[in-house]
1. Sticking with the crude label model, points 7 Å out along Cα→Cβ, report the distance from residue A:186 to residue B:168 in nm, one decimal please.
2. Taking all protein chains in place and a 1.4 Å probe, what share, in percent, of the accessible surface of region A:96-209 do carbon and sulfur account for?
3. Considering the rotation that carries chain B onto chain A, locate the chain B residue whose Cβ comes closest to its axis and report the distance in whole Å.
4. Each residue of region B:44-59 in turn: what ³J(HN,Hα) in whole Hz from Karplus with 6.51, -1.76, 1.60 and θ = phi - 60°, glycine and Pro shown as x?
5. Taking a 31 Å limit on the Cα-Cα distance, which of the listed pairs A:148/B:136; A:101/B:148; A:56/B:199 fall beyond it?
6. Mind putting a number on the dipole of chain A about its Cα centre? Charges go on the C-beta only, +1 for Lys and Arg and -1 for Asp and Glu, and I need it in Debye to the nearest 20.
7. Treating cross-link reach as a plain straight distance, find the aspartates and glutamates whose alpha-carbon is under 18 Å from the alpha-carbon of residue B:49, omitting any fewer than eight places away in the same chain.
8. What residues in region B:122-138 lose 40 Å² or more of accessible surface when the other protein chains are added to their chain alone (1.4 Å probe)?
Number of protein chains: 2
Amino acid sequence: MGFKVIKENIMKTNDDIASGIRKTMEDNGVLMINIISSPGAGKTSFLEKAGPMLRKEGVSFEIITGDCFTSRDAERMDAAGLPVTQINTGNSCHIDAQLVKKAVQEIRMDGLDLVIVENVGNLVCPAEFDIGEDHKISFHSTAEGHDKPLKYPLLVKESDYVIINKTDLIEHTDFDVSFFENSIKKINPRVDILRISCKTGEGIEGFLSWIKERIKEKKENGA
Amino acid sequence: MGFKVIKENIMKTNDDIASGIRKTMEDNGVLMINIISSPGAGKTSFLEKAGPMLRKEGVSFEIITGDCFTSRDAERMDAAGLPVTQINTGNSCHIDAQLVKKAVQEIRMDGLDLVIVENVGNLVCPAEFDIGEDHKISFHSTAEGHDKPLKYPLLVKESDYVIINKTDLIEHTDFDVSFFENSIKKINPRVDILRISCKTGEGIEGFLSWIKERIKEKKENGA
């Protein structure tokens, strides 16, 4: 099985670079999160809303956003006055540590609290690649259906936080919140779950509390 | 760039197998389509609705459904009385020709008109892999936002047909149908676009006309 060996080598190289990134963040007391979702679940809309709220709370952050070819998400966040670095992955369906390393080199660490990585829209490969983050966040839309945690268990297993977006659409779909949340708890009992609507703004302050707690932990204890 | 060469070799092997599948379909006068979408865009719901309608029209078909780990979609279609073969890709984010070849070997070609492949939910890698299909279909949900064609141009370029599902949700979102359709036409002017709602059933008969025309072409002219 030649391919298996090749994949192991790719993963080993990736993990070595990820360890380097983790060390850099460690040395600077910076927390790093990796937000993973399907295309169109609302990661960019979320950052457009959460970014100014974070700033108001005095959190100093940088965003790294991944997309295959375009800079559309980066342009949206730039227009919202948020500090953002674009990664283009070409035909690759995920961000790897090498790409993040290049982006991190562009970022001033001085006085920084938080790096937010918005991954390429995909529930499979992004869950496999360590990019040096402290926490993976699994981000979902209610319009995708409540079966997604069971269909993409690796992502749920790897995540420390799950955000359910578009709660405003629940009444127009057959999305079963209890089924969704119970499926997550079965796969990963220790995970925290937050319900939000980027349309109404509902719930986003829950993210602020969660992330501020994680930043505090990081500054006090390291990773 | 060792990885580039490896990728070319993987693609070459894939394409050779895909050619074999295409030849098998050719020899049996069977049309094959490959439906590609984000997770939760509604491919399975669509087949649950369209399958019985196809049968009523006298179209003989088989479904091959791809998922990383589970058989949830296959079980849903089996419960709806539809003939389905499950492919599990493990941690792979797409179906390749080798997996399809195995599934095709399980299918009786005698009297068959159509093979429908439901790919793994992902807009990136499935667009790159030829699996021997006659037509790729790009399948979207209005809840994903109207920027998806511009963000995933390869899929649109590779597709002969675009289906927009969940039109029932348009009024509850900021989805701009004209922007979405114009973006598609800019990337691929020859593509046909269909609007449907699997919830209300609206528009699905448009797919029946399209697919029956393609089956007729295939029987008359080959590929």
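The values are calculated or read from the model by the stated rules, or taken from the named source; none is laboratory data. All values derive from a computational prediction rather than experimental measurement. Cβ: placed from backbone, ideal geometry, glycine included. Neighbour counts: every protein chain shown. Keep in mind that these areas ignore ligands, DNA and RNA; they rest on the heavy atoms of the full protein, side chains included. Shrake-Rupley method; radii C 1.70, N 1.55, O 1.52, S 1.80 Å.
1. Between residue A:186 and residue B:168, the simple spin-label model gives 2.6 nm.
2. On the way: 1910 of 4190 Å².
It is 46 percent, rounded to a whole number.
3. Per the B/A rotation axis, the closest residue of B reads B:143, 2.
4. Per residue, the Karplus-derived 3J(HN,Hα) values read 5, 4, 4, 5, 4, 7, 6, x, x, 5, 4, 4, 4, 7, x, 7 Hz.
5. On the way: A:148/B:136 24 Å; A:101/B:148 27 Å; A:56/B:199 42 Å.
Pairs exceeding 31 Å: A:56/B:199.
6. Values: 29 positive and 36 negative charges, 44 e Å.
For chain A, the charge dipole is close to 220 debye.
7. Counting by Cα, and skipping residues close in sequence, residue B:49 has these aspartates and glutamates nearby: A:144, A:174, B:57, B:62, B:73, B:75, B:78, B:118, B:168, B:202, B:205.
8. By number: B:124.
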